[in-house]
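The values are calculated or read from the model by the stated rules, or taken from the named source; none is laboratory data. From a predicted model like this one, the values you see are computed outputs, not experimental measurements. So basically every Cβ, Gly included, is an ideal-geometry build from the backbone, and we count neighbours across all protein chains shown.
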């Protein structure tokens, strides 16, 4: 039995971007509001001297958009979207892919496949500006289910080692290497 934990949206980079966008959104929104109220809401600035039309309106608009985007990122972090595990149980002959999604009736994604229905482990490597290094579970009905986390490509040696280990564990062929 092998169990791989998959990290979701609770990554340092997501915390960083959510915080930066939140602080920027608050700054833009308060600068626009300062120009409307003729009152300094931001220390060390003179944003009340901005003309409300058009600069203040644009600042409020950008601030609102940033606050909405930041809220989305924070909720994604709180809900830990994308986290889960891959369970390869050779004793029971089952592979289980479990992930958390967004809240709702389909929040939990749980895919179960008998090992007999698995055709291969497929590796896709695309190098370039945005490189992709992914491992897929390929079923006999030609479905390809991603097994590794999205967004952070693995080193080639780690990818090959992990894919080879999975193919050996499941007793299937390895494609794409």
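Listed values, structure above:
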read-out	value
From 132, 138, residue being in contact (Cβ under 8 Å) with a residue 12 or more places away in the chain, surrounded by 16 or more Cβ atoms within 10 Å (Cβ to Cβ) and over 30 Å from residue 31 (Cα atoms)	138
Condition met for residue 176 (surrounded by fewer than 17 Cβ atoms within 10 Å (Cβ to Cβ), modelled with pLDDT under 85 and more than 20 Å from the chain's Cα centre (by Cα))	yes
Where residue 39 falls short, out of the listed (1) assigned to a loop (DSSP other than H, G, I, E, B); (2) surrounded by fewer than 16 Cβ atoms within 10 Å (Cβ to Cβ); (3) in contact (Cβ under 8 Å) with a residue 40 or more places away in the chain	(3)
Residue count, the stretch 153-173 (criterion: loosely packed, with under 13 Cβ neighbours inside 10 Å and in contact (Cβ under 8 Å) with a residue 40 or more places away in the chain)	2
Out of 4, 89, sole residue that is closer than 26 Å to residue 113 by Cβ and not assigned by TED's automatic domain parsing to the domain that holds residue 158	4
Some residue of the stretch 7-17 being part of a helix (DSSP H, G or I), in contact (Cβ under 8 Å) with a residue 12 or more places away in the chain and more than 30 Å from residue 147 (Cβ to Cβ)	no
